[in-house]
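**Student:** The following block contains the structure, expressed as structure tokens.
The values are calculated or read from the model by the stated rules, or taken from the named source; none is laboratory data. Quantities reported herein were computed from a predicted structural model and do not represent experimental measurements. Glycine also receives a Cβ, built like all others from the backbone with ideal geometry; neighbour counts cover every protein chain displayed.
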């Protein structure tokens, strides 16, 4: 039996940002999410319904009294079909209508009829957005359980500067995908993830680090968020975009990461340490830039904090997961690490197979009881999904 795909009904109201809804539809369709579009009459003045029909691959609804393509009441059928109803852009007009119970067109009527989650992504002139009436309407809708994706600040189409730009379309699509994600089996749990490299400073301009990109850790944090957890992500230096809905703590050094982890350790349920933490640091830090000389430069290093071992010693109720990036004797080295550091699970990562900065990974997950789950090469997001599936089955 084919699994039912998620359905998002997108309501497009009449603002200059209407064209940006095309990007949202495109992004959702790439995620295999079904999209149906309702446009207000004024929205059709900005973008042709045909454009939305082409991208959504569904008929676009505008006129509430148009002869239906099938024997069903259109606003009721769409209201029932929707898993989420997203209004983007949401003008002051549509927000005001819904806040005051007005249902005089297809979009407002469908919003009133649906039991699905309704999400507004406002876009309007900054003076309109900050108008007390609009803010009161937004507050009223939030009180009733409607959700809002806050607008961005910047230069608006009218030339004004301020808050009122439609939020980034990728962010909106990612947010909707996250809301649709199943299972939500981590609701009520707090998850701490470390990601990326740390650096060991030599002088004010030089440091030693490794090639970790942080991609695996960010994928783990996003998976935990999508499954309903409250997530803390402690990240070393990376070029990755800040993930939404996650408390992000940025650090540079081993010492900074240890301090950040310990300050949150008592209050979390699951800790997943994907970070490639520097094991050594220079014995002497030069406060001035080390100058070049004719002779060779000799550096002496000290062992730095073993954060994972410290966490294993302090572990009480937490599920503690480590990562082992190995180039040889993968399972043997990973099993030693799991036992020596009192871990519940360790993810053994074959760096010869995938290397650094890749989008996929080849791992084996080793459990405390000795079970080994070998995974096929897969995207890092899929590795994260499998990891939480295993943790949840064995808790």
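**Student:** Pairs, please: C-beta under 8 Å, at least 6 apart or cross-chain, first residue modelled with pLDDT of 95 or more and in the stretch 366-381, second exposed (fewer than 15 other Cβ atoms within 10 Å of the Cβ) and assigned to a strand (DSSP E or B)?
**Tutor:** 366/372
**Student:** Quick test for you: out of 162, 154, pick the one residue that is surrounded by fewer than 18 Cβ atoms within 10 Å (Cβ to Cβ), out of contact with any helix residue (DSSP H, G or I) (no Cβ under 8 Å at 6 or more places or on another chain) and at pLDDT below 95.
**Tutor:** 154
**Student:** So, restricting to strands (runs of 3 or more DSSP E) that lie completely within the stretch 163-251, which ones have at least 1 residues that are assigned by TED's automatic domain parsing to the domain that holds residue 11 and free of Cβ contacts under 8 Å to residues at least 60 places away in the same chain?
**Tutor:** In the stretch 163-251, no matching strands (runs of 3 or more DSSP E) lie anywhere.
**Student:** Among the listed residues 302, 330, identify the single one that is surrounded by fewer than 18 Cβ atoms within 10 Å (Cβ to Cβ) and farther than 26 Å from residue 190 by Cα.
**Tutor:** 302
**Student:** Give the residue that is surrounded by the fewest Cβ atoms within 10 Å (Cβ to Cβ), with candidates limited to residues of the stretch 1-56 that are in a strand (DSSP E or B) and free of Cβ contacts under 8 Å to residues at least 40 places away in the same chain.
**Tutor:** This residue is 34.
**Student:** In the stretch 270-299, how many are within 22 Å of residue 195 (Cα to Cα) and surrounded by fewer than 17 Cβ atoms within 10 Å (Cβ to Cβ)?
**Tutor:** 2
**Student:** What's the number of the only condition in (1) surrounded by 14 or more Cβ atoms within 10 Å (Cβ to Cβ); (2) under 28 Å from residue 178 (Cβ atoms); (3) in contact with a strand residue (DSSP E or B) (Cβ under 9 Å, 6 or more places away or on another chain) that residue 226 fails to meet?
**Tutor:** Status for residue 226: all satisfied but (3).
**Student:** Still on this structure: Would you be able to tell me the number of residues in the stretch 118-135 that are farther than 18 Å from residue 89 by Cβ and touching a residue at least 12 places away in the same chain (Cβ under 8 Å)?
**Tutor:** Qualifying residue count, the stretch 118-135: 1.
**Student:** Please state which of the following conditions residue 392 fails to meet, knowing it meets all the rest: (1) surrounded by fewer than 17 Cβ atoms within 10 Å (Cβ to Cβ); (2) touching a residue at least 60 places away in the same chain (Cβ under 8 Å); (3) more than 22 Å from residue 308 (Cα to Cα).
**Tutor:** (3)
**Student:** Suppose the filter is touching a helix residue (DSSP H, G or I) at 6+ places or on another chain (Cβ under 6 Å), assigned by TED's automatic domain parsing to the domain that holds residue 147, modelled with pLDDT under 95 and not in a loop (DSSP other than H, G, I, E, B); does residue 79 pass it?
**Tutor:** Yes, satisfied.
**Student:** Is there any pair with a first residue in the stretch 288-310 that is under 30 Å from residue 261 (Cα atoms) and outside the structural domain of residue 262 (by TED's automatic domain parsing) and a second that is at pLDDT below 95 and exposed (fewer than 15 other Cβ atoms within 10 Å of the Cβ) whose Cβ atoms are under 8 Å apart and which are 6 or more apart or on different chains, and what are they?
**Tutor:** Once the first residue is under 30 Å from residue 261 (Cα atoms) and outside the structural domain of residue 262 (by TED's automatic domain parsing) and sits in the stretch 288-310, no partner that is at pLDDT below 95 and exposed (fewer than 15 other Cβ atoms within 10 Å of the Cβ) comes close enough.
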